[in-house]
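J.: My questions will all concern the structure given below.
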Amino acid sequence: MTLPAPVGVIHGRFQLLHNDHLRYLLAGRERCRHLVVGITNPDPGRSRPETADAHRCDPAANPLTYFERQAMVRAALTAAGTAEADFTVVPFPVSFPELYRYYVPLNALFFLTIYDAWGRRKREYFAGLGLRIEVLWEVSPEQKGLSGTDVRRLMATGGAWRELVPPSVAALAEAWGLPARLAAAGG
């Protein structure tokens with residue numbers, strides 16, 4: 001039996017945290033004593049175009065603020081039974097490996113999932129820094145499951161989105177008027 005790592009780092013944009021995101025976060029949490037959740041694209045200044053995922057910097061793909069996303073992560077993890085003392089949420093400029101040391105402990109175990117060229121590119125970033133990496137799963141894009149884009153589209157068009165997100169996230173999205181915001185922005 002492998003002992004859990006003292007600290008693990010996991011990351012995502014969480015541009016609307018959905019049920020597959022929560023499964024990913026909990027898979028990382030099971031493998032460490034303390035989980036650092038890095039929120040990528042924390043602001044436009046800490047985002048840059050990536051040829052492996054051209055839409056990730058598009059303002060339409062990033063409608064939620066860092067504050068909203070960290071609140072969703074905190075709400076979802078605590079509702080799933082994770083004690084607040086067992087995780088930390090931080091900004092994580094994933095496209096700027098030279099800045100990682102300012103945001104996360106580099107001696108942690110870095111978790112990621114791989115679905116496409118963007119996942120492989122992030123693994124290259126981590127390997128280039130000599131970080132310890134654990135790929136939680138690697139599947140084709142067709143097997144990926146939910147996407148934040150699809151959930152946001154459903155929200156904007158009045159579709160059935162609530163069952164696709166943790167109840168705590170649905171409550172926050174409603175409180176923030178997110179469906180109306182997305183509809184007004186055109187999806």
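No lab work stands behind these numbers, since they all come straight from the coordinates. Owing to the predicted nature of the structure, the values given are computational and were not obtained by experimental measurement.
J.: Please report, for the Cα atoms of the stretch 82-187, the Rg to one decimal and the Dmax as a whole number; what are they, in angstrom?
T.: Rg then Dmax for the stretch 82-187, in Å: 17.1, 45.
J.: List the residues whose amide H sits under 5 Å from the amide H of Leu109, counting only those 5 or more places along or on another chain, with H placed 1.01 Å from N in the peptide plane.
T.: Amide H to amide H, under 5 Å and 5 or more residues apart or across chains, Leu109 pairs with Val7, Gly8, Val9.
J.: Take the Cα coordinates of the stretch 5-144, assign each an equal point scatterer, and use the Debye formula without solvent to give log10 I(q)/I(0) at q = 0.11, 0.13, 0.16, 0.20 Å⁻¹.
T.: -0.36, -0.51, -0.81, -1.36
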